[in-house]
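Structure first, commentary second.
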Amino acid sequence: MDQAYLFNTGKDYKSYNYLGSRPYSHPDGDKGYLFRVWAPNAKAVSVVGDFNDWNPEAYYMYKIGDSGIWEAYISGAKQWDRYKYHVYGADGSEVNKVDPYARHCETRPADASILYDPNDYEWHDEAFTSKRVHACAPRPISIYEVHLGSWKRHEDGNFMNYREIAKDLAKYCKKMGYTHVELMPILEHPLDDSWGYQVICYYAVTSRFGTPADFKYFVDHLHKNGISIILDWVPAHFPKNSEGLVHFDGSACYEYKDPRIGEHKEWGTFVFDYSKAEVQSFLISNAVFWIEEFHLDGIRMDAVSSMLYRDYGRTEYIPNIYGGTDNLEAIDFIRNLNSIMSENYPYVMMIAEESTAWPKVSHPVSDGGLGFTHKWNMGWMHDTLDYFQTDSYAREWHHDQFCFSMMYAFSENFILSLSHDEVVHGKKSLIDKMPGDTWRKFANLRLMFMYMMAHPGAKLNFMGSEFGQFIEWRFYEQLEWFMLQYESHKLLQDYVADLNHFYIKHAQFWQDDHSWGGFEWVDASDVKNNVFVFKRKGVANQEDIYVALNMVPVPLENYNIGVTESGRYKILMNTDDMKYGGSGYPDGSDSKGTFKAVEEGWNGKPYHISVNLPPLGGIYFQKVKTTSSAKSTKTSAKTSSAKSTKTSGKTASAKSTKSSPKTSSPKTAKTVKTKKKQ
């Protein structure tokens, strides 16, 4: 079928194979490059570049029927030649424009497109890609959000190459237990200050860190180390730079014509006109491009809320045809894109950064949803940070706020996000948000991370938070890695690594993240002591992992916690362990490091244990498996695994279930006996 026709009707999902520039061998043996560009209202278009001394009259393009697409072949044009399109606009303007489909660009402040042969790399990640599972399959997801320009730099302050970063980042993620890396936008952009969110070349990976082949190596290397990669993608708006998409053919080509819907004045950007079929082809093809050409594993769609509402950030707007505020064509675009991804690339995570109460964001389109596989849980983020920023003496008045996220935890397929947006613009770094002196700040952060890891939903943390960088994130310099020479920061990093690996190894924390079948409150009502207790459920009761969080800087001795079964229980992880910088407060366990369950009801459970809860500390604990219960567990796990294998889009968790939990209980002196809490 005619690809120009598909593009014009919004059905060309690989338009990058037709538009743009590419090597071409003429039938007579001549070699050069073929150029195609969509500029429907332009009076004329020519190609200028190194191959013609940038002469706009040297190579005029011809229009392909009424498609709005212009074409030209230039003999002798070769890879690395710089070029642009000289557009004679409908408004009488003459502007040199970058190629919207350029595969490579100059590094800012220069802005020319660069001829580039996309057949530039031999992949070696088949062992990884062949094992990718459905995007919604149960699995551990611990995402490390990274800004490549400021994660690490050379000693002289210059950027590292994609290949250099790949080796360091893969090694670091494996050590720290991160399963995914989310890259802040790496599409070519002119302004470092935009962090990549103001894109001018959607099909070019930024040349700040190397070539497209270098980035393919980056992906390949992380994949070979078992790490998935998510791209932060910006289809909501684009900047007003004259060389970019704005008024591309002298008219509102890619953007809405009316600024009441086509402009975000707060951001200084224009909005894509989603009602145009060609714009849909351009954007859908771009998402497919990053999956097909660069083997990426997920796309995080930025600023979805701004796309859904016509009045987003506006005092004056144009209602839709029904008089409402919903942007119907943007909604159709989102559903169309997500349907295409789900059908053709079911392993790709499609993540929405959406901060409103829009329903069914991560539900299938067939169910009336938007079709994303995941949604950032902005509500959880706001409530959690607000709670932990509150001084401990006042937390009892915020008790319900802490619990509120479980009222809607299963309404969407959530990712708990503590992103870059929370550590900039005067908001303070995560460690500096925490109240109290230095010890309390670290204790609070360890406690918050323990809570986050046990809460239903995938996890995302921004770089630098894992070792407690005190200053806010600065895009123009690398992280303060030198802080790791100080013990408190190094121990925090060790703690986060252990916590991530604990999360990965214990399927209770992720095998059922989407229903009450995987979570149960044990006690959410102890307002007086500021304690929360819940459990993440295993295949059998004896596999349940209990979570107890003490939100005040006072130890609570002989604190009773209701448990389901008799037997002995053991702490698996303790935020107050001295090896993490904690106080090492005695936990009250017996000589075997265990707690015997007493046959006396507590919090609706038939048994309870008594434990010393550490100050500003949390613990994970579990029933000690006996020989008989271990056999029972294995049998249950095999049964569960067999059932799970038969279910489409599910992954077996039997291996994680069979693994004996490792312990990291602090080796401290036992506390003296006191009266039990009544």
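For the reader, a short list of remarks on this structure follows.
- Subset of region 400-418 (residues that are in a helix (DSSP H, G or I) and buried (at least 18 other Cβ atoms within 10 Å of the Cβ)): Phe402, Ser405
Here is a yes/no grid of residues against (1) in contact (Cβ under 8 Å) with a residue 60 or more places away in the chain; (2) in contact with a Ser or Thr (Cβ under 7 Å, 6 or more places away or on another chain); (3) of a type in the set (Lys, Arg):
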residue	(1), (2), (3)
Asn17	no, no, no
Ser21	yes, no, no
Asn52	no, no, no
Pro56	no, yes, no
Met61	no, yes, no
Asp66	no, no, no
Ile74	no, no, no
Gln79	no, no, no
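- Considering region 219-230, and only residues there that are in contact with a helix residue (DSSP H, G or I) (Cβ under 6 Å, 6 or more places away or on another chain) and part of a helix (DSSP H, G or I), the residue that is surrounded by the most Cβ atoms within 10 Å (Cβ to Cβ) turns out to be Leu222.
- For region 546-562, the count of residues that are of a type in the set (Val, Ile, Thr), more than 22 Å from Arg395 (Cβ to Cβ) and modelled with pLDDT of 95 or more is zero.
- Any hit, region 165-179, residues being closer than 24 Å to Asn286 by Cα and either surrounded by fewer than 18 Cβ atoms within 10 Å (Cβ to Cβ) or under 15 Å from the mean Cα position of the chain (by Cα) (or both): no
- Glu520 modelled with pLDDT under 95 and more than 26 Å from the chain's Cα centre (by Cα): no
- Scope region 367-395; condition surrounded by 18 or more Cβ atoms within 10 Å (Cβ to Cβ), in contact with a Gly (Cβ under 8 Å, 6 or more places away or on another chain) and either among the hydrophobic types (A, V, I, L, M, F, W, C) or under 22 Å from Asn529 (Cα atoms) (or both); matching residues: Trp380, Ser392
- Where strands (runs of 3 or more DSSP E) fall wholly inside region 21-109, the ranges with 2 or more residues that are surrounded by 14 or more Cβ atoms within 10 Å (Cβ to Cβ) and small (Gly, Ala, Ser) are 44-49.
- Hits in region 264-293 (condition: farther than 14 Å from Asp332 by Cβ, assigned to a helix (DSSP H, G or I) and not small (Gly, Ala, Ser)): Glu278, Phe282, Asn286, Val288, Phe289, Trp290, Ile291, Glu292
- Within region 231-261, restricting attention to residues that are in a strand (DSSP E or B) and in contact (Cβ under 8 Å) with a residue 24 or more places away in the chain, the residue that is farthest from Leu296 (Cα to Cα) is Pro239.
- Scanning region 156-207 for residues that are free of Cβ contacts under 8 Å to residues at least 60 places away in the same chain, in contact with a helix residue (DSSP H, G or I) (Cβ under 8 Å, 6 or more places away or on another chain) and among the polar types (S, T, N, Q) returns a single hit, Asn161.
- So Thr325, is it without any contact (Cβ under 8 Å) to a residue 60 or more places away in the chain, under 23 Å from Glu422 (Cβ atoms), of a type in the set (Val, Ile, Thr) and surrounded by fewer than 22 Cβ atoms within 10 Å (Cβ to Cβ): no
- Residue count for region 419-450 under the criterion of being assigned to a loop (DSSP other than H, G, I, E, B), crowded, with 16+ Cβ neighbours inside 10 Å and not polar (S, T, N, Q): the result is 4.
- Selection count, region 182-218, where residues are more than 28 Å from Tyr254 (Cα to Cα) and buried (at least 24 other Cβ atoms within 10 Å of the Cβ): 1
- Region 540-610 holds strands (runs of 3 or more DSSP E) entirely within its bounds, and those carrying 1 or more residues that are touching a residue at least 60 places away in the same chain (Cβ under 8 Å) and either of a type in the set (Phe, Trp, Tyr) or surrounded by fewer than 21 Cβ atoms within 10 Å (Cβ to Cβ) (or both) map to 545-550, 556-563, 568-574.
- Of the residues making up region 114-132, those that are of a type outside the set (Lys, Arg) and out of contact with any Pro (no Cβ under 9 Å at 6 or more places or on another chain) are Ile114, Glu122, Trp123, His124, Asp125, Glu126, Ala127, Phe128, Thr129, Ser130.
- Glu343 vs. criteria surrounded by 19 or more Cβ atoms within 10 Å (Cβ to Cβ) and closer than 18 Å to Gly369 by Cα: no
- Residues of region 7-26 that turn out to be modelled with pLDDT of 95 or more and in contact with a Lys or Arg (Cβ under 6 Å, 6 or more places away or on another chain), as a count: 1
The values are calculated or read from the model by the stated rules, or taken from the named source; none is laboratory data. Note that the coordinates shown come from a computational prediction; the quantities given were computed from them, not determined experimentally. Here the Cβ is made from the backbone with ideal geometry for all residues, glycine too, and neighbour counts use every protein chain on show.
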